[in-house]
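This report concerns only the one structure given below.
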Amino acid sequence: MFSGLELENYSMSLNTFKRLLAFAAGVLVTLPGLALAAGGEKNALNMPVGVTDVGRSIFDLHMIILWICVAIGALVFGVMFYSIIYHRKSRGVKPAQFHESTKVEIAWTVVPFLILITMAVPATSTLLDIYDFDDADMDVLVTGYQWKWKYEYLAEDGESVAFFSNLSTPQAEIYNTDGKNENYLLEVDEPLVIPVDTKVRFLVTANDVIHSWWVPELAVKKDAIPGFINETWTRANEIGTYRGQCAELCGKDHGFMPIVVEVVSKEDYAAWLGEKQEQAAKVKELMAQTFSLEELMARGKAVYERNCLACHGARGEGGVGTAIAGSPIATGELGGHLEIGINGVAGTAMQAFGGQLNDVDLAAVITYQRNAFGNNMGDLVQPIDVFNYKQG
Amino acid sequence: MGDHHHGPAKGLSRWLFTTNHKDIGTMYLWFSFAMFLLGGTFAMIIRAELFQPGMQLVEPAFFNQMTTLHGLVMVFGAIMPSFVGLANWLIPMMIGAPDMALPRLNNWSFWILPPAFLLLASTLFMEGGAPAAGWTFYAPLSTTYAGPSVTIFIFCIHILGVSSIMGSINIIATVMNMRAPGMSYMKMPLFVWTWLITAFLLVAVMPVLAGAVTMMLMDVHFGTSFFSAAGGGDPVLFQHIFWFFGHPEVYIIILPAFGVVSQIIPAFSRKPLFGYDSMVYATAAIAFLSFIVWAHHMYTVGMPVAGELFFMYATMLIAVPTGVKVFNWITTMWRGALTFETPMLFCIGFLVLFTIGGFTGLMLSIAPADFQYHDSYFVVAHFHYVMVAGAVFSMTAAVYFWLPKWCGKMYNETMGKTHFWISFIAFNVTFFPQHFVGLAGMPRRIPDYSLQFADFNMMSSIGAFVYGASQLLFLYNVIATIVAGKPVSDDKVWDGAEGLEWTVATPAPYHTFEVPPKIDPAHAHF
Amino acid sequence: MTAQTSTAHENYYVPEKSKMAVMATIGLVLSVFGAANVMNDMTFGEPGVSSNSKFIMYTGLAVFGATLFAWFRQAIRENLAGMNSAQLKKSYVLGMGWFIFSEVMFFAAFFGALFYVRNLVGPWLAGEGDGGRMNHLLWEGFQFSWPMMQTPQEAVGGAGSQLIANNGTFTSAHKSMAFAEASAWYLWLPLWNTLILLSSSVTVHIAHMGLLDNNRRKFNLWLGLTVFLGVVFVCLQALEYYEAYAHFGLTLNSGIYGSTFFMLTGFHGFHVLMGTFMLAVQLYRSVRGGHFTANDHFGFEGSSWYWHFVDVVWVFLFLFIYIL
Ligand code: HEA
Ligand code: HEA
Ligand code: CUA
Ligand SMILES: [Cu+2]
């Protein structure tokens, strides 16, 4: 008992408790209640069911555990609020003094244990499903880079197809000088295209730091670990566009490396792949050509904006990377510039783009850097120069 | 020499040179509160940037620094030291000891903390900014892809480790060696028990964290390849070592909180704790299990399926002893004579919200489902339910509960209750919607998000600002109490409270139990 | 002082104010701040730019060392002055015991890393577990064996040819520390080191027996021998490092084999150095100050526990680094 203060001041009005009760009940009911009603795009409350069988079983599993928890919660909080309302000192109750009961203790150890077993059984079977990588119809090598994804179709026949997939949301939308479109931050220049009803195995890896390839509706999330390949798979049942994001903190633009997967019919897929293979063949031809400064500058600008801008800035002013405007490398002798563009700078964010861009794009971007942002070297680099430099 | 009869020294030297457990406890408590404000300020910056889609306040790189520092400062600067402060104040008084076992070491454990955090904060001004790889600082983002601040950061972690290990050794020695005659282990108050086990966890895992950061240091500066496949190492190795520390760490955060709640609920129920023995065993079981579940943070890194299953089953098991605790608290309230002073309110808030956080933890432990939850805001919601509504609420309850004993004055109850209600509501407004955005696919640690998440994020930010502001009310209440609170004269401030700390004068004299108290052998436990 | 009312509970000596903690803090913080900057200068700094990092580091270390010296001296004096109750002594015992436990866990992190890379990562990189897809796509040609005599990077033809970004060059040793590669068993240093450390555990034990028998000469003699063995161990270890760098090409850059080898033996060696120093101090105290009696000698006993701990770690090292 503490002095000078009446105990009455310390007990709460019943009203307060009703409010507390109502709030907690509200919280308990709204979560699953709203969750069930959900499904819409905006303000979705629950996990998407997705378009794969695995996704469906994960969703079911999620709902089972959720409801079990809600039920236990209702019971536990029910007992608690009953005490709070009826066993209050202000109602004049005398405290009971019971304590210790081995029977009760055993019951509330064993019952939760049994509940856990009922959860573990479906969980185990779903997990084994997820880990069944065998019998894939096709393999896609997914490589995370700071801050873009590379997709490589490991085809047995034909020209191999590989491309990078970059965020395509304009800076203006991100920095609020322009209205945001509906797929804000979830759009890329070149999506991954896969056929419907096909078991696609993803071989996930990374070039620099750890990323994580996550597409909720395909029920796939796998970390991309540099130097290791993780496997995962999906079989989409429905044609459509599915969006996801990199899920592992990977540096500055971790929030800006989305994933877009187009699931298309098998015929469309075959057509798309054929087109891509043709394009790849064409680039090979381009390698042998000679370009004018204008051509290189135009192409270089596009390449720059896609690949270099994030670090070197829209005006070549630098950022994560050093400034290109007036840079001693970009305004120095060509060899040094080629070296950095192709082999990067070890131990810094400056990657080796030799393995990422084709020789045409490399030639273009290096030309661009030497002649833009007030750099005025006037020299130009041809694809063949890049090729020769790579050969040493 | 050993003359305990004069009071504290005057001036700054009292605090700098003190060996008194109460002084040191006070310093820990104030320091941790300052860190709470600092970490909270970082959180406010995070929430402000996330108020709307689009980049408005800070650049992405800075945002990542904020997230990282927020996590680090809250975990290592606010929560852990606050409970160490509580331990310093209370453990000697609860077990009838004159002081901590190793008083000079105790002072050292405290004093290395402030400079360590000063160094950490100073990295904000370094070239390349503060560490930005998250509070989990996964390699290689935190090693070969980080700037010079990582070196300072690594040494800060070393210092924090030294502090925690020394502090824990002190607590273990105190509990094992300084109990008053008759205070057997199974009579100790549960707060002492939970701290004993926590201290054991700390001594076991802080060195492992030190090992992890040492390997980072070697990779950054001396060309080793622990975390690089090119040399035969593995970035995932870092995660295993980190989480071998990191998972016990989260129980290091919550076990003392369990202890606090186990003291306060019986006091305001006016009824002994329902199952003292089983509470002790449950705590030990949680501590044991915490060593074999670490990889539940790593379900998506590509472990073999057998490992995945093992860690899933082991993690799920933790629900059992934790359930025992929750059921015990509720049965203690059952047919008690309850009153609802501020400490009790915060404990009830703890009980409800921690349990919800525990449930989401259980959901996360289901590996296949975690493939969807992992690294989304669902996880963020989970751990703020257990850490803010768990650890911070119980710490707040503890301050309200023992403050009158510490300073001999009563806080303002109306203000306390207001603090509770604002906190409780604002907390839920902040973190409940994060479950939704997480499930819908919003990754964590992003400075900007797509439009479908906008409404809930705005709600969350508003909640966070209110919650933050309510902490200032708390600060005001505590200072007002110390400066001008209504004096309490009863030794036993709360009529239902049990324990030796309530038998000493109020406010607690500078030195207590120079002569060990007589323990009534009939007393079951405290 | 209050008259003792309880016989079971002697008066516990609670020191009054002490400057030690603050001084030790200043020393520690300066040393790590200096050390961090020395390393940053080394890795990120511009060559040739002078900095005062080293000065800060050495100042810090000096302050720290001096404080520890003063701190231990005071603790010893208090004990000699009879201020320490049996209970306080037990606190020291507990403190030392749990400190050693924390050291065990520190080493556990490195052993854990070693087991993980040897038993899991190596085989994975070499193609186990996924039908060789990973090996084929990323580290074609890498084969795993321990000691690892070819890094994955070398297997694919150097940092320029690896598919992950270049974050360092890892060149394997051409000769490992394994027994099989020693030119003759008696030239294999780890064997000698094992013998030395194991016997030093025995000698320190004999010294302890001497103390318990009140035989100071025996104590001093065997403790001196232990210290001597410790010094020899450290010298041989230094010799081994020299050989590794100068003749075997085994360095910190030698991939994960070099990394784990130097990390484990390095920290162990550092602990031996500490242990030797601690025992040397006890020897000095006994020889010059006549400290320690048959029933009051925790300064020595704690150091000897530490020594046994260091010895046990070595046994594991010997097994997992050199033999298996
Ligand atoms: C105080 C800290 C704390 C506590 C106590 C917990 C408690 C638990 N946590 Fe949590 N956790 C964190 C802090 C904490 N966690 C943090 C900080 C992270 C993120 C780290 C990061 O990545 O940054 C995290 C992340 C995290 C993950 C990884 C998520 C991911 O990244 O994908 C998982 C997965 O298993 C998990 C599980 C659990 C479980 C099973 C518990 C259990 O202990 C909960 C047990 C409690 C209950 C279950 C409720 C009460 C029980 C009953 C009423 C009995 C009956 C119930 C049943 C039978 C269901 N946690
Ligand atoms: C115990 C630890 C703890 C505590 C107490 C908190 C408290 C809070 N945390 Fe969190 N948090 C973590 C531990 C903790 N956190 C961890 C470990 C992470 C993961 C980091 C990572 O990903 O690496 C994280 C991450 C994290 C995120 C995700 C960031 C991201 O993924 O990018 C968010 C976002 O909302 C958040 C918000 C908050 C808020 C609003 C509070 C509030 O409770 C804070 C309230 C306190 C105050 C606001 C201070 C008091 C008031 C003032 C200083 C006055 C000024 C303010 C006003 C007037 C409004 N935290
Ligand atoms: Cu890539 Cu995050
Ligand atoms: Cu965990």
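Of the residues C:T59, C:T67, which is within 10 Å of chain B (Cβ to nearest Cβ) and either polar (S, T, N, Q) or touching a Leu at 6+ places or on another chain (Cβ under 6 Å) (or both)? Give the steps one after another, and end with the answer.
On the way: C:T59 fails: within 10 Å of chain B (Cβ to nearest Cβ).
Of C:T59, C:T67, the one residue that is within 10 Å of chain B (Cβ to nearest Cβ) and either polar (S, T, N, Q) or touching a Leu at 6+ places or on another chain (Cβ under 6 Å) (or both) is C:T67.
Tell me, which residue of region A:244-267 that is part of a helix (DSSP H, G or I) and within 26 Å of A:T169 (Cα to Cα) is nearest to ligand 3 (Cβ to nearest atom)? Spell out how you get there, then give the answer.
The initial filter retains those residues of region A:244-267 that are part of a helix (DSSP H, G or I), namely A:254-256, A:266-267.
From the residues that got through so far, the ones that are within 26 Å of A:T169 (Cα to Cα) too are A:254-256.
Numbers: A:H254: 4, A:G255: 8, A:F256: 9 Å.
Per the criteria, the residue is A:H254.
So A:G326 fits all but one of (1) assigned to a loop (DSSP other than H, G, I, E, B); (2) within 13 Å of another protein chain (Cβ to nearest Cβ); (3) of a type in the set (G, A, S); what number is the exception?
The single condition A:G326 does not satisfy is (2).
Out of the residues in region A:219-243 that are more than 17 Å from B:G302 (Cβ to Cβ) and outside any strand (DSSP E or B), state the one that is nearest to ligand 3 (Cβ to nearest atom). Can you show your working first?
Let us first name the residues in region A:219-243 that are more than 17 Å from B:G302 (Cβ to Cβ), namely A:235-243.
With the extra rule that they be outside any strand (DSSP E or B), the set shrinks to A:235-239.
Values: A:R235: 25, A:A236: 23, A:N237: 28, A:E238: 27, A:I239: 27 Å.
Among them, the one singled out is A:A236.
Just checking, does region B:256-267 include any residue being away from ligand 3 (no atom under 16 Å from the Cβ) and over 21 Å from the mean Cα position of the chain (by Cα)? Steps first, answer last, please.
Residues of region B:256-267 away from ligand 3 (no atom under 16 Å from the Cβ): B:256-267.
From what is left, the residues that are over 21 Å from the mean Cα position of the chain (by Cα) are B:266-267.
Yes; the residues of region B:256-267 include at least one that is away from ligand 3 (no atom under 16 Å from the Cβ) and over 21 Å from the mean Cα position of the chain (by Cα).
Would you check which residues across region C:143-192 are within 13 Å of C:L250 (Cβ to Cβ), within 10 Å of another protein chain (Cβ to nearest Cβ) and small (G, A, S) and list them?
C:S172
With the structure loaded, tell me whether A:E262 is surrounded by 14 or more Cβ atoms within 10 Å (Cβ to Cβ) and charged (D, E, K, R) or whether it fails that test. Steps first, answer last, please.
Values: surrounded by 14 or more Cβ atoms within 10 Å (Cβ to Cβ): yes; charged (D, E, K, R): yes.
In short, yes.
B:F42 is checked against (1) over 27 Å from B:I264 (Cα atoms); (2) in a helix (DSSP H, G or I); (3) more than 16 Å from ligand 1 (Cβ to nearest atom); (4) of a type in the set (F, W, Y) and fails just one. What number does that condition carry?
Status for B:F42: all satisfied but (3).
Take A:S168 and decide whether it is within 16 Å of ligand 2 (Cβ to nearest atom) and not β-branched (V, I, T). Working first, answer last.
Details: within 16 Å of ligand 2 (Cβ to nearest atom): no; not β-branched (V, I, T): yes.
Spelling it out, it is not the case that A:S168 is within 16 Å of ligand 2 (Cβ to nearest atom) and not β-branched (V, I, T).
Which of the residues spanning region A:75-109 are surrounded by fewer than 14 Cβ atoms within 10 Å (Cβ to Cβ), hydrophobic (A, V, I, L, M, F, W, C) and more than 9 Å from chain B (Cβ to nearest Cβ)?
Within region A:75-109, A:L75, A:I106, A:A107 meet the criteria.
For region B:299-307, indicate whether the set of residues that are more than 7 Å from every other protein chain (Cβ to nearest Cβ), buried (at least 22 other Cβ atoms within 10 Å of the Cβ) and either farther than 18 Å from A:I115 by Cβ or within 16 Å of ligand 2 (Cβ to nearest atom) (or both) is non-empty.
Within region B:299-307 (the criterion being more than 7 Å from every other protein chain (Cβ to nearest Cβ), buried (at least 22 other Cβ atoms within 10 Å of the Cβ) and either farther than 18 Å from A:I115 by Cβ or within 16 Å of ligand 2 (Cβ to nearest atom) (or both)), the answer is yes, since at least one residue qualifies.
For residues in region B:403-462 being among the polar types (S, T, N, Q) and within 25 Å of the chain's Cα centre (by Cα), which is farthest from ligand 1 (Cβ to nearest atom)?
Applying the first criterion (among the polar types (S, T, N, Q)) to region B:403-462 yields B:412, B:414, B:418, B:423, B:428, B:430, B:434, B:450, B:452, B:457, B:460-461.
Now restrict to residues that are within 25 Å of the chain's Cα centre (by Cα): B:418, B:423, B:428, B:430, B:434, B:460-461.
Details: B:T418: 26, B:S423: 17, B:N428: 17, B:T430: 16, B:Q434: 13, B:S460: 17, B:S461: 20 Å.
Selected residue: B:T418.
Please state which one of C:E140, C:E103 is within 9 Å of chain B (Cβ to nearest Cβ) and either more than 26 Å from C:L324 (Cβ to Cβ) or not in a loop (DSSP other than H, G, I, E, B) (or both). Write out each step before concluding.
Working: C:E140 fails: within 9 Å of chain B (Cβ to nearest Cβ).
Criteria check complete, one pass: C:E103.
Looking at (1) at pLDDT 95 or above; (2) under 18 Å from B:F513 (Cα atoms); (3) within 14 Å of chain C (Cβ to nearest Cβ), find the lone condition where B:M27 falls short.
(2)
What number of residues within region C:291-314 satisfy the criterion of being free of Cβ contacts under 8 Å to residues at least 40 places away in the same chain and at positive phi? Explain how you work it out, then say what you get.
Pass one, region C:291-314, residues free of Cβ contacts under 8 Å to residues at least 40 places away in the same chain: C:295, C:303, C:312.
Retained after the next criterion (residues that are at positive phi): none.
Here the count works out to 0.
Give the number of residues within region B:485-506 that are surrounded by fewer than 20 Cβ atoms within 10 Å (Cβ to Cβ) and in contact with a strand residue (DSSP E or B) (Cβ under 8 Å, 6 or more places away or on another chain).
So the count comes out to 3.
Going by the conditions given, is C:A36 within 8 Å of another protein chain (Cβ to nearest Cβ), within 21 Å of the chain's Cα centre (by Cα) and either over 30 Å from C:T293 (Cβ atoms) or among the small types (G, A, S) (or both)? Explain how you work it out, then say what you get.
Working: within 8 Å of another protein chain (Cβ to nearest Cβ): yes; within 21 Å of the chain's Cα centre (by Cα): yes; either over 30 Å from C:T293 (Cβ atoms) or among the small types (G, A, S) (or both): yes.
Here the answer is yes, as C:A36 does meet what is asked.
If I filter region A:97-110 for residues that are outside any helix (DSSP H, G or I), of a type in the set (D, E) and in contact with a helix residue (DSSP H, G or I) (Cβ under 9 Å, 6 or more places away or on another chain), do I get at least one hit?
Restricting attention to region A:97-110, the residues satisfying the condition of being outside any helix (DSSP H, G or I) are A:97-101.
Those left that are additionally of a type in the set (D, E): A:100.
Now restrict to residues that are in contact with a helix residue (DSSP H, G or I) (Cβ under 9 Å, 6 or more places away or on another chain): A:100.
Yes; the residues of region A:97-110 include at least one that is outside any helix (DSSP H, G or I), of a type in the set (D, E) and in contact with a helix residue (DSSP H, G or I) (Cβ under 9 Å, 6 or more places away or on another chain).
From (1) more than 16 Å from ligand 3 (Cβ to nearest atom); (2) at pLDDT below 95; (3) of a type in the set (A, V, I, L, M), pick out the condition that doesn't hold for B:L160.
That leaves (2) as the condition not met.
Among C:E240, C:E301, which is the only one that is under 15 Å from C:V204 (Cβ atoms), more than 14 Å from chain B (Cβ to nearest Cβ) and surrounded by fewer than 22 Cβ atoms within 10 Å (Cβ to Cβ)? Explain how you work it out, then say what you get.
On the way: C:E240 fails: under 15 Å from C:V204 (Cβ atoms).
C:E301 is the lone residue from the list that is under 15 Å from C:V204 (Cβ atoms), more than 14 Å from chain B (Cβ to nearest Cβ) and surrounded by fewer than 22 Cβ atoms within 10 Å (Cβ to Cβ).
If a residue must be out of contact with any Asp or Glu (no Cβ under 8 Å at 6 or more places or on another chain) and outside any helix (DSSP H, G or I), how many such residues does region B:273-297 contain?
The qualifying residues number 4.
State all residues of region B:409-464 that are small (G, A, S), surrounded by 22 or more Cβ atoms within 10 Å (Cβ to Cβ) and within 18 Å of B:G40 (Cα to Cα); if no residue qualifies, say none.
The answer is B:S423, B:S460, B:A464.
Being in contact with a His (Cβ under 6 Å, 6 or more places away or on another chain) and of a type in the set (S, T, Y) is the filter here, so list the residues in region B:261-298 that pass it.
Correct list: B:Y276, B:S290.
Taking the criterion of being among the hydroxyl-bearing types (S, T, Y), within 14 Å of chain B (Cβ to nearest Cβ) and not in a helix (DSSP H, G or I), would at least one residue in region A:276-295 satisfy it?
No: region A:276-295 contains no residue that is among the hydroxyl-bearing types (S, T, Y), within 14 Å of chain B (Cβ to nearest Cβ) and not in a helix (DSSP H, G or I).
Suppose the filter is within 16 Å of ligand 2 (Cβ to nearest atom) and among the acidic types (D, E); does B:D370 pass it?
Numbers: within 16 Å of ligand 2 (Cβ to nearest atom): no; among the acidic types (D, E): yes.
Against the criterion (within 16 Å of ligand 2 (Cβ to nearest atom) and among the acidic types (D, E)), B:D370 does not qualify.
For a quick check of your reading of the model, give me the residue pairs whose first member lies in region B:133-146 and is at the interface with chain C (Cβ under 10 Å from one of its Cβ atoms), whose second is among the β-branched types (V, I, T) and within 13 Å of ligand 3 (Cβ to nearest atom), with beta-carbon atoms closer than 6 Å and at least 6 apart or on different chains.
Matching pairs, first to second residue: B:P140/A:V209; B:Y145/A:V209.
Do the conditions hold for A:T169, that is, is it closer than 23 Å to A:C250 by Cβ, more than 16 Å from ligand 4 (Cβ to nearest atom), in a strand (DSSP E or B) and in the same structural domain as A:R243 (by TED's automatic domain parsing)? Steps first, answer last, please.
Values: closer than 23 Å to A:C250 by Cβ: yes; more than 16 Å from ligand 4 (Cβ to nearest atom): yes; in a strand (DSSP E or B): no; in the same structural domain as A:R243 (by TED's automatic domain parsing): yes.
Against the criterion (closer than 23 Å to A:C250 by Cβ, more than 16 Å from ligand 4 (Cβ to nearest atom), in a strand (DSSP E or B) and in the same structural domain as A:R243 (by TED's automatic domain parsing)), A:T169 does not qualify.
The values are calculated or read from the model by the stated rules, or taken from the named source; none is laboratory data. Remember, it's a predicted structure, so these values are computed and weren't measured experimentally. FYI the Cβ positions are ideal-geometry reconstructions off the backbone, even for glycines, and counts take in every protein chain you see.
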